[in-house]
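Here is the structure we will look at, set down as structure tokens.
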Amino acid sequence: MEVVIPNAANSIAEEVKAFDATKTGVKGLVESGVTKIPRFFVHPPEDVQKSSSETDTSLQVPIIDLEGFESSRRLEVVNEIRKASEEWGIFQIVNHGIPVTLLDEMLAGAKRFHEQPQEVKKELYTRDHKKQVKFYYGSAGLTIKPSYWKDSLAFNYPDGKLDPELIPEIIREEISEYFSYMKKIGKILSELLSEALGLRHDYFSSIECMESKVIVCNYYPPCPEPGLALGASNHTDQALLTILGQDNLGGLQVLHQNQWVDVNPIQGALTVNIGDFMQLITNDKFRSVQHRVLSVEVGTRISVTCFLYPSSAKISKPYGVIKELQPEKPPIYRETHFAELVEEFYALGPRPSNLSRFKFSLRSEESEENPFQFFVLNCRKRAFFTQKEGLSTSSFKLWAGLTPH
Ligand code: OGA
Ligand code: NI
């Protein structure tokens, strides 16, 4: 089937909209036989470059064996998770309890969905954020320019709930089973991460910051001009935590010590990465990691991501830096709610973390140089705590002189 894209006389925005309206996704575009990719997929060459010249090939994303995490190896596992979350913001886990066959079935199911006739998939194609099940190309918000070279099928489980009838039958069993394992592994990770912060094991579950989940089945078709496009450009994830399963094609990279490092596929392993909101509440102790996906000329890559975010009751309630971590270091960030990050995601698209807008407005370097600014900074920090005792967010912002953004 031919995919008609308007000619170059139109603006890029119009081209993007027109392509979106075809509802055929990137896969449809490839099937139509394009040899040159539309211009809205073309990234600046420096963003697509495989790696910097001085790449240190000995760098490897930490691999953590969860074997014995409930007994003899608990402390060891917690320490490894702390180190990886502080230094890398990403790690792979093996022996996590999810059967390799289930992971393979999930990836195969995702492939099966995306390889159905276009007419069937089109019914689920949408940019409506409120839909719990969505099929789309690129990023969910359509805002990112240049576009991602990928198609996605997303399932939103607020508070862990999704009517199974909404899941396409072709993938229903896999998604339902995979989700129940994501719940289990999510709970295990929330406990290990709590302990890695020196908190009691149920700390994260008590603040309900990972009760909801989104599962996304990504399909990265081959790209006729892989040197120009990206499966995903450099970004950080906003949610607390991401758990990813990938097939063996590779292409996912993380930025570490200013170098792009491959996240090498390991059969049966899951990749776990820290998101922006986790970085905010842990006061930069755990770091969200910048990552991207390269595109390739041959082969289709499949990945399944699971993002963990707060419960419905908490999504519009403010979270701040975890109080128990504050004796170590005064809070860098003001309180905010997760919904604010999500709004921005839909408005601007995925990109590298911009947590600086949540920082108290004076930078510590300035304050140390200037005693008056230091005093003001402390007043603002006190205001931060006063807010918890009853000031509304907007009046707090006015009172503390923080500019709403
Ligand atoms: C994402 C992402 C990586 C992958 O969905 O945020 O970074 O390998 N995915 O699919
Ligand atoms: Ni990501």
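Quick notes
- Of the residues screened, GLY401 is not one that is at pLDDT below 85, open to solvent by 50 Å² or more (accessible area, probe 1.4 Å) and not β-branched (Val, Ile, Thr).
- Restricting the stretch 128-152 to residues that are of a type in the set (D, E, K, R) and at pLDDT 95 or above, the residue that is nearest to ligand 1 (Cβ to nearest atom): LYS150
- Any hit, the stretch 317-329, residues being out of contact with any helix residue (DSSP H, G or I) (no Cβ under 8 Å at 6 or more places or on another chain), open to solvent by less than 50 Å² (accessible area, probe 1.4 Å), part of a loop (DSSP other than H, G, I, E, B) and more than 16 Å from ligand 2 (Cβ to nearest atom): yes
- Members of the stretch 263-293 found to be open to solvent by less than 10 Å² (accessible area, probe 1.4 Å), free of Cβ contacts under 8 Å to residues at least 60 places away in the same chain and more than 16 Å from ligand 2 (Cβ to nearest atom), listed by number: ASN283
- Of all the criteria given as (1) in contact with a strand residue (DSSP E or B) (Cβ under 6 Å, 6 or more places away or on another chain); (2) open to solvent by 20 Å² or more (accessible area, probe 1.4 Å), the one not satisfied by PRO168 is (1).
- The requirement of being within 16 Å of ligand 2 (Cβ to nearest atom) and either open to solvent by 50 Å² or more (accessible area, probe 1.4 Å) or β-branched (Val, Ile, Thr) (or both) is fulfilled somewhere in the stretch 218-240, by at least one residue.
The values are calculated or read from the model by the stated rules, or taken from the named source; none is laboratory data. It should be emphasised that the depicted structure is a prediction, and the values quoted were computed from it without experimental measurement. As a convention, Cβ positions derive from the backbone with ideal geometry for all residues, glycine included, and neighbour counts pool all protein chains shown. Accessible surface is based on the protein model in full, side chains and every heavy atom, while ligands, DNA and RNA are left aside. Shrake-Rupley method; radii C 1.70, N 1.55, O 1.52, S 1.80 Å.
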